[in-house]
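The values are calculated or read from the model by the stated rules, or taken from the named source; none is laboratory data. On a predicted model such as this, the values are computed, not experimentally measured, just so you know. Methodologically, a virtual Cβ is constructed for each residue, glycine included, from the backbone with ideal geometry; neighbour enumeration extends over all protein chains shown. For the accessible areas, the whole protein counts, side chains as well, though only heavy atoms, and no ligand, DNA or RNA atoms are used. Shrake-Rupley method; radii C 1.70, N 1.55, O 1.52, S 1.80 Å.
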Amino acid sequence: MSASSPRKPIASGEVPFSLKAILPPLMAIIVGMIMVILDSTVVNNAIPKLVDYFHTDLKTIQWTVTGYTLALSAVIPLAGWMTDKFGSKQIFMITISLFTVGSLLCGIAQTPEQLIAFRIVQGLGGGMVAPIGMAMVFKIAPPERRGSIMGVLGIPMLMAPAFGPVLSGWLVDSVSWHWIFIINLPIGIIALILASKYLPRSDRHAAPHLDVVGMCLAPIAFSMLAYGVSEGGTSWSQTSTITGLTVGGIALIAFIFVELRQKQPLLELKVFKSSDFTRSIILTWIVQLALFGAMLIVPLYLQLVMHYSALETGWILMPQALCAGLGMPISGRLFDKIGARPLAFAGLTVISVSLFVLSGITVDTPLWKIILCICFIGLGMGFSMMPLNTHVLNSAPRRLVSRVTPLTTAAQQVVVSFAVAGLTGYLTSQIASHAAGAGADANPLGAVVAGYGDTFFLSACIVTGGVALTLLLRKPKQQEEGAAGGDKPDPAMMAGH
């Protein structure tokens with residue numbers, strides 16, 4: 001059996017299944033996906049170094065994260081249309097190439113504006129790598145073995161967030177920040193060689209209608225709203241804040257109007273008519289906000305206040321990802337027995353308490369206390385994220401389920417961009433406020449620490465609202481309408497979950 005065409009004998013049952021037979025195409029997908037996942041985690045740890053190198057401020061550099069996540073959200077809904085139009089193998093290789101080129105450009109950026117622009121190029125490529133990769137795994141693996149194959153795929157997907165900050169720290173401290181991007185060049189080339197040689201060529205299909213108007217309005221709405229939220233951290237009455245929120249708000253209203261009238265919308269907003277779906281997706285957004293609040297603010301505190309190196313910070317952050325990886329399989333087993341509500345309640349409660357403890361942080365707070373808090377945050381995320389995502393899919397009307405996964409995945413990236421923009425803006429403004437209130441003779445470090453405490457407190461309050469919202473979760477009603485042909489989630493979009 002050739003490695004490049006494993007699907008036929010597996011699907012027909014003519015020969016026993018062999019993991020060895022599909023390992024080469026699986027490795028091509030894993031290498032491409034792990035490159036993108038790693039890149040999503042390495043930049044947070046390098047932000048203090050980027051601020052110093054470019055002689056700029058945190059609010060500017062945070063757009064290297066915000067711009068990247070907004071670019072991801074813009075292209076994720078296009079993955080299905082692109083694969084139908086051009087074939088999954090071809091699009092997978094094109095997106096890997098675009099991501100690799102974007103990485104190289106980021107590595108040689110000379111100004112913060114260039115770095116932000118090249119990160120957007122990265123995001124445009126990286127947004128479709130994971131969805132298309134997951135869809136191809138579903139195609140090359142036999143149905144009865146998909147669970148075990150996805151388990152193989154899940155190992156590097158769990159390890160990348162754990163080791164990403166450590167790798168980033170080592171490169172930043174021992175080599176140069178440029179290498180957190182340039183290192184993607186050889187990985188991308190290897191992924192392209194493996195994909196070209198081993199991925200089966202997929203058939204093209206008649207592509208559905210492309211919602212061009214929605215595709216144009218969505219980036220304008222979300223990017224301008226994120227900009228307005230970021231500027232609002234300084235002042236909600238300044239011109240830049242009002243302009244961003246106004247333009248973004250008008251574009252968002254127009255986007256919603258267009259999407260509700262489209263027969264084949266870019267994002268299926270009609271699903272929000274389900275109150276069960278709306279409650280559960282709001283909860284996933286709250287978890288995302290808490291996650292990225294911790295992933296962004298904690299590294300900044302460790303490096304800028306406690307003066308740990310980037311590598312030391314990476315090792316300190318590793319337990320959070322490991323605890324999240326520990327909680328996910330446990331919550332997966334419990335979900336079928338007890339449902340989403342108790343798991344989400346417990347997970348968000350643990351996150352909320354941990355953030356409240358961090359909000360009381362002082363100059364003398366010991367490191368073990370911070371590590372313990374981020375471990376519990378990771379564990380809480382592991383217990384709440386998978387049940388909530390599954391609950392989102394279960395609560396959607398059956399005829400819309402295949403359109404829900406692009407919506408939820410893209411929406412989560414938008415929420416991440418808002419969280420990054422909003423929390424960094426709030427952190428900056430609170431530090432300035434405490435410094436101004438303390439006077440010229442006060443210890444400036446005290447004002448900085450107080451600003452971080454306020455930011456953790458804000459995150460804790462938001463998560464506490466999520467805890468209350470979990471009490472409203474209920475087992476979704478059985479949806480009977482239009483089950484034919486639309487009763488299964490699109491595997492192309494599940495990677496974001």
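Below, the figures for the structure above:
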quantity: Accessible surface of region 66-126 [probe 1.4 Å, protein heavy atoms]: carbon and sulfur percent; calculated: 76 percent
quantity: Fully extended contour minus Cα-Cα distance, from Leu445 to His178, at 0.36 nm per residue; calculated: 93.2 nm
quantity: Residue-level accessible surface for Trp81, protein heavy atoms, 1.4 Å, Å²; calculated: 50 Å²
quantity: At R0 = 25 Å, FRET efficiency that the Cβ-Cβ distance of Thr362 and Ser433 yields, to 0.05; calculated: 0.90
quantity: Alpha carbon centroid spacing (whole Å) that separates region 33-110 from region 237-280; calculated: 24 Å
quantity: Backbone N under 13 Å from the Leu472 label point (7 Å along Cα→Cβ), restricted to region 263-284; calculated: 274-284
quantity: Listed residue pairs exceeding 32 Å between alpha carbons, taken from Lys49/Lys89; Lys197/Lys270; Lys59/Lys369; Lys139/Lys263; calculated: Lys49/Lys89; Lys197/Lys270
quantity: Accessible-area value, Ser103, 1.4 Å probe, nucleic acids and ligands omitted, Å²; calculated: 0 Å²
quantity: Accessible area (Å², per residue) of region 288-347, counting only protein heavy atoms and a probe of 1.4 Å; calculated: 41 Å²
